[in-house]
1. If you go through region 115-143, how many residues are under 18 Å from the mean Cα position of the chain (by Cα) and farther than 20 Å from residue 284 by Cβ?
2. Counting only residues that are of a type in the set (A, V, I, L, M, F, W, C) and within 16 Å of the ligand (Cβ to nearest atom), which one in region 249-272 is surrounded by the most Cβ atoms within 10 Å (Cβ to Cβ)?
3. Of all residues being under 19 Å from residue 21 (Cβ atoms), modelled with pLDDT under 95 and of a type in the set (Asp, Glu) in region 47-82, which is most open to solvent (accessible area, probe 1.4 Å)? Just the residue, please.
4. Can you find even one residue in region 212-232 that is among the hydrophobic types (A, V, I, L, M, F, W, C) and open to solvent by 30 Å² or more (accessible area, probe 1.4 Å)?
5. Does region 186-193 contain at least one residue that is open to solvent by 10 Å² or more (accessible area, probe 1.4 Å) and within 19 Å of the chain's Cα centre (by Cα)?
6. Could you grab me the full set of residues in region 251-275 that are in contact (Cβ under 8 Å) with a residue 12 or more places away in the chain, in a helix (DSSP H, G or I) and not polar (S, T, N, Q)?
7. Which residues, counting only those in region 218-239, are more than 16 Å from the ligand (Cβ to nearest atom) and either more than 18 Å from residue 298 (Cβ to Cβ) or modelled with pLDDT under 95 (or both)?
8. Quick one: in region 121-159, which of the residues that are more than 13 Å from the ligand (Cβ to nearest atom) and closer than 18 Å to residue 66 by Cα is most open to solvent (accessible area, probe 1.4 Å)?
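The values are calculated or read from the model by the stated rules, or taken from the named source; none is laboratory data. Fair warning: this is a prediction, and the values are worked out from it, not measured in the lab. Every residue, glycine among them, receives a Cβ derived from its backbone with ideal geometry; neighbour counts consider all protein chains shown. The area values use the complete protein model at the heavy-atom level, side chains included, leaving out ligands, DNA and RNA. Shrake-Rupley method; radii C 1.70, N 1.55, O 1.52, S 1.80 Å.
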Amino acid sequence: MKPATSSPDSAPLDNLEEWEDFLKERYPEPAGAKSGFKATDPEKKKEQFRNYEADARPTVREFYRLNHRYQTWDFVQAKREEFLGHRRRKMSIWEALEYLNTLVDDSDPDTDLSQLDHLLQTAEQIRRDGHPRWFILTGLIHDLGKILCLYGEPQWAVVGDTFPVGCAYSDTIVFHQFFADNPDINDPRYQTRLGVYEEGAGLDSVTLSWGHDEYIYHIAKDYLPEEALYMLRYHSFYPGHRESAYDFLMNDKDKAMMDWVRTFNQYDLYTKSHERPDLKKLRPFYDELIAEYFPATLEW
Ligand SMILES: [Fe+2]
C-alpha cells in the first residue's frame, strides 16, 4: 500500500485493513449477527465511544485526521468531476478484480490474503447464507472502487467512514474533533443542521465525502438492482447506517433501503478469515454470475 514514492500524507496506514480492523473494534460483531441485527445500541455511552479513539493506532488516528481535514465540499465536487466526469480505462469486472489485486499491502501481520481473497470470502459467506445472486455479486465487487489507490489517490480519499459534506458534522463521527481543521467549519452555509440540503430530500441529493463507495456505485448503477446499489454506495456510511445520525436527510425509500445496507455490513465487517478461497474451483461460478448482470467490459 505504501509505494516508495508515497508521502506520509497519502498513506498513513500500513494497509487499508487497519481502517477496517478499527471499524471492527468500534462495531464488534453483535450476538445473533446477520439475523435480527440492531443498527444502533441506544445504551452506548459517549464515554465508550471516546475509548475507540484513545485506543486507535497512531496510524489510524492520523488517517482520520487527514480525512476530516481535507474532505471539504469543494474537494468532493472536484473528485466527482475527476473520476465520474470521465472514465480512464475499459475493463471487465474480473480484470478490475485482478487489477485491484495488484494493490499489495506494505505489511499485514495477520494475513497474507489478497484483496481478491477478501472479496471472495465476503461473497462466499453471502452465498452460503442463501441470499439472492445479485447479493453475492455485490459482495464480490463492493470494494472494487479501491482501485482509486492504484490511480495514486491518497488513502483518506479512498476509504474511511463516509459522511455528508455541506451540512454540520454529526458528533457520532469518529474523531469529530479533527473537523476543527476542515475549512468548511468556517463556512456558515455548511454548518447548520441541514446545510445546503432540505429536510427528508433523500440521500441521492446528498453529497457524501469522497471514496471507493461512490466510485463503484457509478460504475455499477446501470446493471444491478436498487438494493445492491444502496449497498455499494453506502456501505462505508457508518454515521448513516450504524449511528442513524442522518435520518433527517433520508426519504422513506432510503430508510427502508438502509436495512439492506445493514444486512450487507455484517458480511463486510465480519467475514474475513485466514482461509484462502479456492479460486480455481470458484471461478466458473463467478464468471457466470458476472456475465448474468454485467457486459463484457465496463468503463472505469
Ligand atoms: Fe468498502
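1. Step one: of region 115-143, the residues under 18 Å from the mean Cα position of the chain (by Cα) are 115-123, 126, 135-143.
So of that shortlist, the ones also farther than 20 Å from residue 284 by Cβ come out as 115, 118, 142-143.
Qualifying residue count for the region: 4.
2. Residues of region 249-272 that are of a type in the set (A, V, I, L, M, F, W, C), as a first pass: 249-250, 256-258, 260-261, 264, 269.
Checking the rest, the ones that are also within 16 Å of the ligand (Cβ to nearest atom) come to 260-261, 264, 269.
Details: 260: 20, 261: 22, 264: 25, 269: 21.
Among those residues, the one meeting the criterion is 264.
3. 55
4. Within region 212-232, the first condition is being among the hydrophobic types (A, V, I, L, M, F, W, C), and the residues that meet it are 216, 219-220, 224, 228-229, 231-232.
Next, only the ones that are open to solvent by 30 Å² or more (accessible area, probe 1.4 Å) stay: none.
No, every residue in region 212-232 fails to be among the hydrophobic types (A, V, I, L, M, F, W, C) and open to solvent by 30 Å² or more (accessible area, probe 1.4 Å).
5. Here is the first cut: in region 186-193, the residues open to solvent by 10 Å² or more (accessible area, probe 1.4 Å) are 186-193.
Next, from what is left, pick out any that are within 19 Å of the chain's Cα centre (by Cα): none.
No: zero hits.
6. Initially, region 251-275 is screened for residues in contact (Cβ under 8 Å) with a residue 12 or more places away in the chain, giving 251, 253-254, 257-258, 260-275.
Filter once more, keeping what is in a helix (DSSP H, G or I): 253-254, 257-258, 260-270.
Selection gives 253, 254, 257, 258, 260, 261, 262, 264, 267, 268, 269, 270.
7. Listed by number, the residues that qualify are 226, 227.
8. From region 121-159, those more than 13 Å from the ligand (Cβ to nearest atom) are 121, 123-137, 150-154, 156-157; that's our starting set.
Filter once more, keeping what is closer than 18 Å to residue 66 by Cα: 152-154, 156-157.
Numbers: 152: 58, 153: 23, 154: 25, 156: 25, 157: 0 Å².
Per the criteria, the residue is 152.
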